[in-house]
Amino acid sequence: MSAPTQAPAGHRTQAGPQPRRPKRRARRPLTYVLLSVGLLVMSAPFLWMGLSAFKTGSELTASPPVWIPTEWTLSNFRQLLDDLDLPLYFMNSVIVAVLVTVSNLVFCSMLGYALAKLKFVGQNKVFAIVLGALMVPGNLMLLPLFVLMSRLQLIDSYAGLVLPFAAGAFGVFLMRQFMQSIPDELLEAARMDGAGEWYIFWRIAMPLVKPALATLSIFTFLGSWNNFVWPLIATNNPDKYTLPVALATFATDPNKAGGSNGVLMAGSFLIVLPVLVVFIAMQRHFTQGIATAGMK
């Protein structure tokens with residue numbers, strides 16, 4: 001019997017039908033078109049709001065609508081500054097959002113590290129409580145939180161605006177999932193070298209979960225900055241209003257806003273601007289955290 005012929009080196013036998021690459025390439029332009037249309041639909045309200053903040057009153061009420069202002073003006077911002085104590089409310093929002101974000105980064109990271117890397121009695125029960133808290137609607141907790149803050153005499157204070165959101169179930173769950181990706185051998189080596197748990201947490205674990213910290217900080221800052229219902233309930237003193245509450249109160253006061261859509265658009269633009277700055281500053285870590293979230 002003759003020996004079977006061998007394929008020359010570097011030659012690849014075709015085991016089956018090859019994928020049809022031309023069809024895949026033909027689908028790419030259609031995908032780009034669909035994504036572009038979706039992006040346009042999602043961004044159109046924000047573009048309209050930002051451009052309307054610089055329009056005159058006649059252009060705001062023009063028919064058909066005018067997208068790009070023919071005469072750019074800052075009169076809406078000037079009127080907003082004259083009729084509303086914008087620096088005070090802006091600073092209130094900054095203080096509350098920063099404190100809530102920092103407290104979530106610290107407390108959620110600590111609890112996430114404990115649930116992922118430490119062994120203690122009731123560990124699974126604590127994690128089950130965290131998962132259960134994720135299923136509870138936030139509005140359902142408004143009344144108990146208000147009663148608690150009222151009993152503690154924290155109404156009309158920064159503490160009353162920050163403490164109910166100092167740690168969230170979503171943040172704990174997110175940090176636990178990322179903490180689980182840290183190799184146990186790395187932590188054990190640090191313990192064998194004499195490092196304590198606090199040192200391991202702050203100097204080893206925290207630098208390895210920077211994408212998760214960036215993701216949590218953006219979500220927390222965004223939620224706290226745009227929070228409207230709780231600051232409206234927990235504040236009676238206008239000096240403690242956050243920017244969304246102050247702008248909503250300003251919009252419903254006929255003696256101030258007077259139905260000026262341009263002024264309201266300018267205020268909405270100033271509310272959105274800090275969130276965009278934070279997202280752009282931390283975009284790289286945020287996208288990295290989202291890309292690796294499914295691997296945890």
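The values are calculated or read from the model by the stated rules, or taken from the named source; none is laboratory data. The model shown is predicted, which means the values in this text are computed figures rather than measured ones. Cβ atoms come from the backbone with ideal geometry, glycine included; neighbour counts cover every protein chain shown.
Per this entry, residue 97 is counted among residues that are touching a Ser or Thr at 6+ places or on another chain (Cβ under 7 Å), touching a residue at least 24 places away in the same chain (Cβ under 8 Å) and either hydroxyl-bearing (Ser, Thr, Tyr) or closer than 30 Å to residue 178 by Cα (or both).
Residues that are of a type in the set (Phe, Trp, Tyr) and not in a helix (DSSP H, G or I) were ranked within the stretch 45-79; the one that is surrounded by the fewest Cβ atoms within 10 Å (Cβ to Cβ) is 72. Against the conditions (1) of a type in the set (A, V, I, L, M, F, W, C); (2) exposed (fewer than 14 other Cβ atoms within 10 Å of the Cβ); (3) over 21 Å from the mean Cα position of the chain (by Cα), residue 39 satisfies every one except (3). Filtered by the rule that a residue be within 27 Å of residue 281 (Cα to Cα) and surrounded by fewer than 16 Cβ atoms within 10 Å (Cβ to Cβ), the stretch 191-241 gives 202, 203, 204, 207, 208, 210, 226, 228.
With respect to the conditions (1) closer than 20 Å to residue 101 by Cα; (2) at pLDDT 90 or above, residue 151 falls short on a single one, namely (1). For the stretch 121-131, the criterion of being at negative phi and of a type in the set (D, E, K, R) is met by at least one residue. Taking residues in the stretch 165-181 that are among the polar types (S, T, N, Q), and partners anywhere that are surrounded by fewer than 22 Cβ atoms within 10 Å (Cβ to Cβ) and outside any helix (DSSP H, G or I), the pairs with Cβ atoms closer than 6 Å and at least 6 places apart or on different chains are 177/296; 181/296. Checking the stretch 106-114 against the condition returns a match, with at least one residue being more than 22 Å from residue 271 (Cα to Cα) and over 22 Å from the mean Cα position of the chain (by Cα). Screening residue 214 with (1) over 23 Å from the mean Cα position of the chain (by Cα); (2) within 19 Å of residue 108 (Cα to Cα); (3) aliphatic (A, V, I, L, M) gives one miss only, at (1). Out of 63, 43, 75, 93, one residue alone is of a type in the set (Gly, Ala, Ser) and either at pLDDT 90 or above or closer than 24 Å to residue 165 by Cβ (or both). It is 93.
Would you point out the residue of the stretch 190-211, among those that are charged (D, E, K, R) and under 24 Å from residue 98 (Cα atoms), that is nearest to the chain's Cα centre (by Cα)?
Step one: filter the stretch 190-211 for residues charged (D, E, K, R), giving 191, 193, 197, 203, 210.
Applying the additional criterion that residues be under 24 Å from residue 98 (Cα atoms) yields 203, 210.
Numbers: 203: 25, 210: 15 Å.
Ranking the qualifying residues of the stretch 190-211, first place goes to 210.
Taking the numbered list (1) more than 21 Å from residue 226 (Cα to Cα); (2) surrounded by fewer than 19 Cβ atoms within 10 Å (Cβ to Cβ) in turn, residue 157 passes all entries but (1). Do we have residue 135 as loosely packed, with under 14 Cβ neighbours inside 10 Å and not basic (Lys, Arg) here? In short, yes.
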